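J.: Have a look at this one before I ask anything.
The values are calculated or read from the model by the stated rules, or taken from the named source; none is laboratory data. What you see is a predicted model; the values in this text were computed from it and never measured. Using ideal geometry, Cβ is built from the backbone for each residue, glycine included, and neighbour counts are taken over all protein chains shown. Accessible surface is based on the protein model in full, side chains and every heavy atom, while ligands, DNA and RNA are left aside. Shrake-Rupley method; radii C 1.70, N 1.55, O 1.52, S 1.80 Å.
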Amino acid sequence: MTDGARLATQPGVRPREAATHCPYCALQCGMVLRQTAGRVEVTPRDFPTNRGGLCQKGWTAADLLDHPDRLTTPLLRDRPGGELRPASWDEALDRITGGLRAIQERHGRDAVAVFGGGGLTNEKAYALGKFARVALGTRHIDYNGRWCMSSAAAAGMRAFGVDRGLPFPLADLGRADTLLLVGANPAETMPPLMRHLADQRARGGRLIVVDPRLTATARQADLHLQPLPGTDLAVANALLHIALTEGWLDRAYVADRTTGFDEVRRTVAGCWPAEAERLSGVPVADLEATARALSTVDRAVILTARGAEQHAKGVDTVTAFINLALALGLPGRPGSGYGCLTGQGNGQGGREHGQKADQLPGYRRIDDPAAREHVAEVWGVDPAALPGPGVPAYQLLDSLGTTHGPRALLVFGSNPVVSAPRAARVESRLRDLDLLVVADFLRSETADLADVVLPVAQWAEEDGTMTNLEGRVLRRRALREPPPGVRTDLAVLAALAARLDAPGAFPADPAAVFEELRRASAGGPADYAGVSWDRIDADTGVFWPCPDEDGPDTPRLFADRFPTPDGRARFRAVTHRPAAEPVCADYPLHLTTGRVLAHYQSGAQTRRVAALRRAAPGAFVELHPDLAGRLGVAEGEEVRVVSRRGELRAPARLSPAIRPDTVFAPFHWPGAARANSVTNDAVDPVSGMPEFKICAVRVERA
């Protein structure tokens, strides 16, 4: 343990050095922070995920701690259309609680909603869910992780009985003979992960990438499949068809460890590779080569990410790749399996402990009477007093300010004005609210609309835990206290709960919150009962489930059985269906969206870091040169991308890396360049995931 880590565990002592983790993606790279004269230095540490590496975002993460845009006092808007002005904490909290009471007295408990984020610590995600259901008594809570991991989570639950992004340690990737990445570009989204892929290649392993663009990751692949966006399901079923036809299935595994294969076999028997080629554009020869590479080796891994999942059929698409993995006998074997690459920093833990619309802590279902009784006992309330399930994120936001929707919204750790699909509509809904409260450390585009803005602590100013993409629970350690006038999110929730006379306890101390979380999660699918801060500090984290503090944790799931009633995984037959919005004469092109190396999520943080802004100063629209020629568009010329919902404007970037029938735009910028002004709000019927990754557009010279 470093001196910084040791000091961070002593109450009231703040070290000049802290061993912690990057605030950005779910890789949660290990780093050391050091307070020197006038600045905070970042140094990578040799942690199992990043192995001494950091990306540019990690290296510059401390630049925001003392940024001139940092909020250090509450802001309050006196009247609609007025300007935000500085206010005291008492004035701000009184305005919030008075407004919440008045709205709920007039319109009922569900007239208030809460919106969280996948970057909140486990403690904050847990406290936010508890605050919504106990202090506010509302069923309306969800979070931006609904737009990140929900389709993979739903598919994993119905196939395996559990949702953990990677059910094996990240190091397993380096042991795979074949690695199939579907809709993932880690070379830009989580660069240190590429060290594990380098291990895989050094061992002679093959890397196959499925992506409509020739990304930085695809350029390193042995084989790149370049499908039309929205056709990954057809590709997956064709791969299973080939494996079935060639006799490459692990029939003993299917018979002993799964159920439901007969229906899947009948379905994929008609999923001819030639039809998949017609739908996706992927040549039959490449499909056959991919199926052979996965089926004829000792160890293979299939990974999906947002490119496959952010669709109105995302759950079925992930299910099709899980079917392929099960048919080949991959899950539960070292160096093999199926997994998904979690996106946000606490995208895993953030969906486990109660800020999802349908969940209670420990990944329990809120409509399960036994789960309600267990959690209510920990919280000291009557189970009957807990509200029922809410609605998914987009449905919640789209109902704001309407006759039957919430009239007030509290936002913690999210910026939906930029990140939501059909963002102009969501922005309009936010403007229609009677009360909008935003807790943030910078004035985001969503905070600009708020009636009350609360300045809260940053990642280096608070202790807590995060759960990375492997299900490894990690310690976030504070380097220093928040600046004067700034409070932690937990302190904000505690103060609001006290003013609302909420039953039960709402501690502001993250260690106390985590101890309560352990009790609330005990016995649930995501069981943290045996995870303690001391145990995390003594090692490189603890993998859940871990029910006993003196017992082992679970780095690898499914070795002997699946957490289903009969211990078997479930096949589920799925068939391809087209995108929710087909192209037509008026909108003849497909738009897909994604990230770039220098920026993260809505960009509210990374756009303020000078080095990152220099690396990627603005938005762009990527077009194939052939398409640009037909449109008469030159490199750097501003173009309009128009859909049925809105438009974005940005300079054209010509690249043969993208299909001629598809254009790409990153989603990190607001205003005229906001990609989500254009994206489709059609959602997956199971997960509530919006169809971010494909919509019909036209491109015009601006």
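J.: So if a site counts as exposed when it's one of the GluC sites (Glu not before Pro), its DSSP state isn't H, G, I, E or B, and it has at most 15 other Cβ atoms within 10 Å, what's the longest stretch of the chain without one? It would help to have the intermediate numbers written out before the result.
T.: Values: sites that count: Glu83, Glu549, Glu635, Glu637.
Between the exposed loop sites, the longest stretch runs 84-548.
J.: Could you compute the net charge surrounding Val315? Neighbours are other residues with a C-beta less than 9 Å from the C-beta of Val315; K and R count +1, D and E count -1.
T.: Overall, the nearby charge balance is -1.
J.: Excluding ligands and nucleic acids, what accessible area in Å² is computed for Met157 using a 1.4 Å probe, to the nearest 10?
T.: 70 Å²
J.: Also: Would you calculate the separation in nanometres between label points at Arg101 and Thr540, each defined as 7 Å from the Cα along the Cα-to-beta-carbon direction?
T.: Placing both labels 7 Å beyond Cα along the Cβ direction yields 5.3 nm.
J.: Could I ask something else about it? Please say if segment 477-629 is rounded, prolate or oblate, where rounded means a/c under 1.5 for a ≥ b ≥ c the square roots of the C-alpha gyration tensor eigenvalues, and otherwise the choice is prolate for a/b larger than b/c and oblate otherwise?
T.: oblate
J.: Another question, then. Give me D for segment 414-461 in µm² s⁻¹, whole number, from Stokes-Einstein with Rh from the Kirkwood sum over alpha-carbon pairs, 10 °C and 1.306 mPa s.
T.: The diffusion coefficient I find is 141 µm²/s.
J.: Would you calculate, for the chain, the mean residue ellipticity at 222 nm contributed by helices, counting each DSSP H stretch of 4 or more residues as -39,500 (n - 2.57) and dividing by all residues, to the nearest 500?
T.: Numbers: 23 runs with 202 residues, N = 702.
Value at 222 nm, helices only: -8000 deg cm²/dmol.
J.: To the nearest 20 Debye, how big is the dipole of segment 34-86 about its Cα centre, given +1 on the beta carbon of each Lys and Arg and -1 on that of each Asp and Glu?
T.: Its charge dipole is roughly 100 debye.
J.: Quick one: if you take sqrt(5λ) for each eigenvalue of the C-alpha gyration tensor of segment 234-357, what semi-axes come out, biggest first, whole angstrom?
T.: They are 26, 18, 14 Å, listed from largest to smallest.
J.: Tell me, how many Å apart are the Cα centres for segment 399-463 and for segment 270-311?
T.: For segment 399-463 versus segment 270-311, the Cα centre distance is 40 Å.
J.: Given a cut-off of under 8 Å on Cα pairs at least six residues apart, what relative contact order in percent is computed for the chain? Mind showing how you got there, number by number?
T.: Values: 1710 pairs, mean separation 131.3, N = 702.
Normalised by residue count, the contact order of the chain is 19 percent.
J.: Let me ask something else about it. Would you please calculate the Kirkwood hydrodynamic radius of segment 601-648 over all C-alpha pairs and express it in Å, rounded to one decimal?
T.: 13.0 Å is the Kirkwood radius here.
J.: In whole Hz, with x marking every Gly and Pro, tabulate ³J(HN,Hα) for segment 514-525 from phi via Karplus 6.51 cos²θ - 1.76 cosθ + 1.60, θ = phi - 60°.
T.: 5, 4, 5, 4, 4, 5, 5, 7, 4, x, x, x
J.: Further, regarding this structure: Check each of the trypsin sites (Lys or Arg not before Pro) in segment 170-228 and keep only those in coil by DSSP with at most 15 other C-beta atoms within 10 angstrom; list them in order.
T.: Arg203
J.: About the Cα centre of segment 364-405, what is the dipole size in debye to 20, counting +1 per Lys and Arg Cβ and -1 per Asp and Glu Cβ, all else neutral?
T.: Dipole size: approximately 80 debye.
J.: Using the Cα gyration tensor of segment 352-494, with a ≥ b ≥ c the square roots of its eigenvalues, what is the shape: rounded (a/c below 1.5), prolate (a/b larger than b/c) or oblate (neither)?
T.: oblate
J.: At a Förster distance of 22 Å, what's the computed FRET efficiency of His404 paired with Ala384, Cβ-Cβ distance as r, to 0.05? Please list the in-between numbers first.
T.: On the way: r = 24 Å, r/R0 = 1.08.
The value I calculate is 0.40.
J.: Given the protein chains as shown and a 1.4 Å probe, how many square angstrom of Ile694 are accessible, to the nearest 10?
T.: Using a 1.4 Å probe on the heavy atoms, I get roughly 0 Å².
J.: Based only on Cα atoms, what Rg/Rh ratio does segment 546-702 have, Rh being taken as Kirkwood's radius?
T.: 1.14
J.: Where nothing but the Cβ of Lys and Arg (+1) and of Asp and Glu (-1) is charged, how large is the charge dipole of the chain around its Cα centre, in debye to the nearest 20?
T.: In debye, rounded to 20, the chain gives about 900.
J.: In addition: Give me the percent of the accessible area of segment 56-152 that comes from carbon and sulfur atoms, probe 1.4 Å, all protein chains in place.
T.: The value for segment 56-152 is 47 percent carbon and sulfur by accessible area.
J.: Keeping all protein chains in place, calculate the accessible area per residue for segment 323-409 (probe 1.4 angstrom), answer in Å².
T.: Details: 2400 Å² over 87 residues.
Roughly 28 Å² per residue, with all protein chains present.
J.: Explain nothing, just compute: Karplus ³J(HN,Hα) = 6.51 cos²θ - 1.76 cosθ + 1.60, θ = phi - 60°, for every residue of segment 461-473 in order, whole Hz, x for Gly and Pro.
T.: Values per residue, Gly and Pro as x: 10, 8, 8, x, 10, 10, 10, 7, 5, 8, x, 8, 7 Hz.
J.: State whether segment 221-272 is rounded, prolate or oblate according to the following rule on the C-alpha gyration tensor (a ≥ b ≥ c being the square roots of its eigenvalues): a/c under 1.5 gives rounded; otherwise a/b larger than b/c gives prolate, and the remaining case gives oblate.
T.: Prolate, since a/c reaches 1.5 and a/b exceeds b/c.
J.: Next question, about the same structure. Do any trypsin sites (Lys or Arg not before Pro) in segment 546-606 lie in a loop, going by DSSP, with at most 12 other beta-carbon atoms within 10 Å of their beta carbon, and if so which?
T.: Sparse-neighbourhood loop trypsin sites (Lys or Arg not before Pro): none present.
J.: Carbon-plus-sulfur fraction of the accessible area of segment 482-625, 1.4 Å probe, in percent?
T.: Answer for segment 482-625: carbon and sulfur cover 53 percent of the accessible area.
J.: Ala652's amide H: which non-local residues (gap 5+, or another chain) put their own amide H closer than 5 Å, with H modeled 1.01 Å from N in plane and none for Pro or chain starts?
T.: Result for Ala652 returns Val621, Gly636, Glu637, Glu638, Val639.
J.: Moving on. What whole-number distance in Å separates the alpha-carbon centres of segment 467-488 and segment 125-159?
T.: Computed from Cα coordinates, the inter-centre distance equals 20 Å.
J.: Just to verify a number: what accessible area does Trp533 come out at with the full protein assembly present, 1.4 Å probe, Å² rounded to tens?
T.: 40 Å²
J.: Ok, one more. How large is the accessible surface per residue of segment 506-643, computed with a 1.4 Å probe and reported in Å² as a whole number?
T.: 43 Å²
J.: Using only the Cα atoms of segment 105-220, each taken as one equal point scatterer with no solvent, compute I(q) by the Debye sum, divide by I(0), and report log10 of the ratio at q = 0.22 Å⁻¹.
T.: Relative scattering, expressed as log10 I(q)/I(0), comes to -1.26.
J.: Report the net charge of residues surrounding Arg39, where surrounding means a beta-carbon distance below 10 angstrom and charges are Lys +1, Arg +1, Asp -1, Glu -1.
T.: -2
J.: Would you kindly derive the ³J(HN,Hα) couplings of segment 184-193 from the backbone phi angles with the Karplus curve 6.51 cos²θ - 1.76 cosθ + 1.60 (θ = phi - 60°), listing them in order in whole Hz, with x for Gly and Pro?
T.: Per-residue couplings from phi come out as 10, 9, x, 4, 10, 8, 8, x, x, 4 Hz.
J.: Calculate how many DSSP beta bridges within the chain are antiparallel, expressed in % of all such bridges and rounded to the nearest 5.
T.: Looking only at bridges with both residues in the chain, the antiparallel portion is about 45 percent.
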